[in-house]
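K.L.:
Below is one structure. I have some questions about it.
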Amino acid sequence: LAVLVQISGINTIVDYAPKIFLAAGVEIKNALLQTSLIGLINFIFTFIAILFIDKVGRRSLYLIGSTGMVITLVLLAISFYLKAEGIFTLISILLFIAFFASCIGPVFWTLVSEIFPNRIRGKAVAFATFTNWIFNFLVVLLFPHFLASVGGVVTFLFLALMSFLQLLFTYRYLPETKGKSLEEIEK
């Protein structure tokens, strides 16, 4: 999960939003304004996760978020392919951020603190955090190269594929931890 949460593209979108908008043909003044909207959507939708994490469940939110991320990244790739208006790119990115912030981001950190047995929890959470940051570094380092060399279509389809792998991994391996004590989860 720590690898997939990064390879699905969240920090590439957040960190390189102006560059993505410019590559999509948006003027610089509009690109910077639209980047502000990303932060606002991220902030607002994080509270949605807080409201629903114990009602809907961690696994369900992860499945919903991953599915939404796949769809919105494919839409973003289509936007680049069709050289669509900037508004289509903006909507695709804002929906991607909404799915991530309301489902994946907060749920990932909740799961990391719950799924490990008590005897190794500290070291396991530290390792998951370390892995998350290493892959954040690699993805953010490599994204501009990929965007410049293979273009937006291939780059965002690759991120969509990684989000799809996150969806499959979640469906196959992630247990639901909603309403369970740490001792029940450990069993």
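The values are calculated or read from the model by the stated rules, or taken from the named source; none is laboratory data. Since we're looking at a predicted model, the values are computed, not measured. Counting neighbours? That spans all protein chains shown, and the Cβs are built from the backbone with ideal geometry, glycine included. For accessibility, only protein heavy atoms count, side chains too; no ligands or nucleic acids. Shrake-Rupley method; radii C 1.70, N 1.55, O 1.52, S 1.80 Å.
K.L.:
Report, as a whole number in µm² per second, the diffusion coefficient that Stokes-Einstein gives for the chain at 20 °C and 1.002 mPa s using the Kirkwood radius over alpha carbon pairs.
P.N.:
127 µm²/s
K.L.:
Moving to a separate point now. Can you list the DSSP H helices in the chain whose Cα atoms extend at least 30 Å along the helix axis and whose mean Kyte-Doolittle hydropathy is 0.5 or higher?
P.N.:
Working: long enough: 28-56 (41 Å, 1.56); 58-82 (35 Å, 1.40); 121-173 (41 Å, 1.31).
Answer set is 28-56, 58-82, 121-173.
K.L.:
Could you tally the net charge around T170, taking each other residue with its Cβ under 13 Å from the Cβ of T170, Lys/Arg +1 and Asp/Glu -1? Kindly include the intermediate steps, with their values, before the conclusion.
P.N.:
Working: positive: R58, R59, R172; negative: E176.
Result for the local shell: +2.
K.L.:
Same structure again: So which chymotrypsin sites (Phe, Trp or Tyr not before Pro) in the stretch 1-77 pass both tests, a DSSP loop state and at most 16 other Cβ atoms within 10 Å of the Cβ?
P.N.:
Sites meeting the loop and neighbour criteria: none at all.
K.L.:
Follow-up question, since we're still on this one. Any chance you could look up the accessible area of I78 with a 1.4 Å probe, heavy atoms only, rounded to 10 Å²?
P.N.:
For I78, the solvent-accessible surface is approximately 70 Å².
K.L.:
Here is a further query. Would you list F164, F130 from the most to the least accessible area, probe 1.4 Å?
P.N.:
F130, F164
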